[in-house]
Amino acid sequence: MARVDSVLDLIGNTPVVDISVLSPNPDARIFIKLEGGNPGGSVKDRIAKAMIEKAERDGELWPGRRILEPSSGNTGIGLALIARLRGHPITIVMPDNTTNERRQLLEMYGADVVLTPGNEGSNGAVRKAQQLADEHPEWAFLYQYGNEANPQAHYDATGPELLRDVPEITHFVTGLGTSGTLLGVGTYLRDHKPDVKIYAVEPPAGEKVEGLRSLDDGFIPPVFVKWGGADLLDGKRIVRPQESVEWTRRLASDCGIFAGVSTGSAVAGAIKVAERLPAGEHATIAVISPDGGWKYISTGIYTGDIEAAAAIAETVNTW
Amino acid sequence: MAVSVRLPTVLRPHAAGQTVVEADAGSVGDIIAGLVARFPGMSGHLLKESGELQRFVNIYVDDEDIRYLDKAATAVADGAELTILPAVAGGA
């Protein structure tokens, strides 16, 4: 039924599309789960709803209590949307090199936005949020990087939806941010279809981060450690900005799918898996598209010279 | 032809500001040991006292994370690229 009581009932149950036309290997099919149709425009609506509901259930959040969260955009937008409806004020800490669209969406939903230097990457936003949390114990710090409601939301819903719609899945490829999607969907697949191979892709973000004095200042999401992320993975690779942009454009031109740049990275990862299959092995590869392309239009990466677009994708936080 | 080693911002001061340095082909472990011998300032950043890689260091050979290849024994051939990156928070 397409009629619902609240927009929050529209979170999840996203569609899967066959994009095998992009596959370099006739023995490998590729399917993509499109999360851009969630009300806040991304996969992060799922964890935003799960984290808020868990905090409400646990008595840590009530109408009027302020929510605090570091986010490069999508989690913040999902949280702000729900917070608005539930009566929570909200502060989002975001690197200043994200797109203007994300900032506008946050402000539209009434969030206070605190900006951190873009050259410190997400580490800078996390650090600032932790400092604000210490200064404001009266605020509710949900902390997606450490909150188990994040992977749990994907274990409870995203994973089962994917296996329901792609029961023949042999490989799962996903991007790494908080690692919540990987952990939740990956663990669900391990529990229910143990032979599925699980791969992660990530941008070479650490190359640019200038906020580190030493490699010891590095950051591994606490949920990644708690959920045994290292043991879950069969492989992990970097996808360079140009490759991400190329596959984001191929999705649009060959499949009509208008997606964000991190989707292009995930597809690039799936293509690599398809290319390297042993001869004669059949595969069904599934990838997650975290969001649509709307929030990245102002970057100009969808048209024009590919190298110029890749250079933009290196400086703008598109993850 | 040698192996190209891409350094993250935080290690460049120890290599006179270079972004990429060359190394001989070999295992990842050999290449890191050679790097530390040439640029001693990198030692504490890359290796624990036991000689193992630090926890927050990620190493990729041709963009594949060596943890899921053969770890320090992963072979790096002439013409390949070894990338050293700090573990950082992802966008979210």
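The values are calculated or read from the model by the stated rules, or taken from the named source; none is laboratory data. If you're wondering where the values come from, they're calculated on a predicted model, not measured in any experiment. No Cβ is skipped: glycine too gets one built from the backbone with ideal geometry, and neighbour counts run over all protein chains shown.
Considering only segment B:53-76, how many residues are under 18 Å from residue B:4 (Cα atoms) and part of a loop (DSSP other than H, G, I, E, B)?
Number satisfying all stated conditions: 3.
Can you tell me which residue within segment A:242-267, out of those that are within 13 Å of residue A:176 (Cβ to Cβ) and of a type outside the set (A, V, I, L, M), is nearest to the other protein chains (Cβ to nearest Cβ)?
Only one residue fits best here, namely A:262.
Identify the residue in segment A:18-36 that is outside any helix (DSSP H, G or I) and loosely packed, with under 15 Cβ neighbours inside 10 Å and, among all such residues, is nearest to the chain's Cα centre (by Cα).
The extreme case among them is A:18.
Of everything in segment A:260-319, what is aliphatic (A, V, I, L, M) and in a loop (DSSP other than H, G, I, E, B)? Give them in sequence order.
Within segment A:260-319, A:277, A:279, A:301, A:316 meet the criteria.
Hey, can you tell me all the residues within segment A:214-229 that are surrounded by fewer than 21 Cβ atoms within 10 Å (Cβ to Cβ) and more than 7 Å from every other protein chain (Cβ to nearest Cβ)?
Selection gives A:217, A:222, A:225, A:226, A:228.
Tell me, please, whether a residue that is closer than 21 Å to residue B:90 by Cα and hydrophobic (A, V, I, L, M, F, W, C) can be found in segment A:23-34.
yes
Can you say whether residue B:81 is at pLDDT 95 or above and closer than 17 Å to residue A:176 by Cα, as far as the supplied structure shows?
no
Would you mind finding the one in A:107, A:53 that is under 14 Å from residue A:11 (Cα atoms), among the charged types (D, E, K, R) and surrounded by fewer than 24 Cβ atoms within 10 Å (Cβ to Cβ)?
Only one candidate qualifies: A:53.
Out of all the residues in segment B:64-82, which are within 7 Å of chain A (Cβ to nearest Cβ) and either of a type in the set (S, T, N, Q) or within 12 Å of the chain's Cα centre (by Cα) (or both)?
Of everything in segment B:64-82, just one residue is within 7 Å of chain A (Cβ to nearest Cβ) and either of a type in the set (S, T, N, Q) or within 12 Å of the chain's Cα centre (by Cα) (or both), namely B:65.
Restricting attention to segment A:115-133, and to residues there that are of a type in the set (Gly, Ala, Ser) and in contact with a Pro (Cβ under 7 Å, 6 or more places away or on another chain), which single residue is nearest to the other protein chains (Cβ to nearest Cβ)?
A:122
Among residues belonging to segment B:1-52 that are outside any loop (DSSP other than H, G, I, E, B) and at the interface with chain A (Cβ under 10 Å from one of its Cβ atoms), point out the one that is nearest to residue A:230 (Cα to Cα).
Filtering first and then ranking leaves B:46.
Determine which single condition residue B:56 fails, assuming it passes every other condition in (1) at pLDDT below 95; (2) among the aromatic types (Phe, Trp, Tyr); (3) surrounded by fewer than 17 Cβ atoms within 10 Å (Cβ to Cβ).
It is condition (3) that residue B:56 fails.
I'd like the full set of residues that are at the interface with chain B (Cβ under 7 Å from one of its Cβ atoms) and not acidic (Asp, Glu), limited to segment A:231-241.
A:233, A:235, A:236, A:237, A:238
Please go through segment A:20-44 and pick out each residue that is closer than 21 Å to residue A:279 by Cα and touching a residue at least 12 places away in the same chain (Cβ under 8 Å).
Matches in segment A:20-44: A:21, A:22, A:23, A:24, A:25, A:27, A:28, A:29, A:30, A:31.
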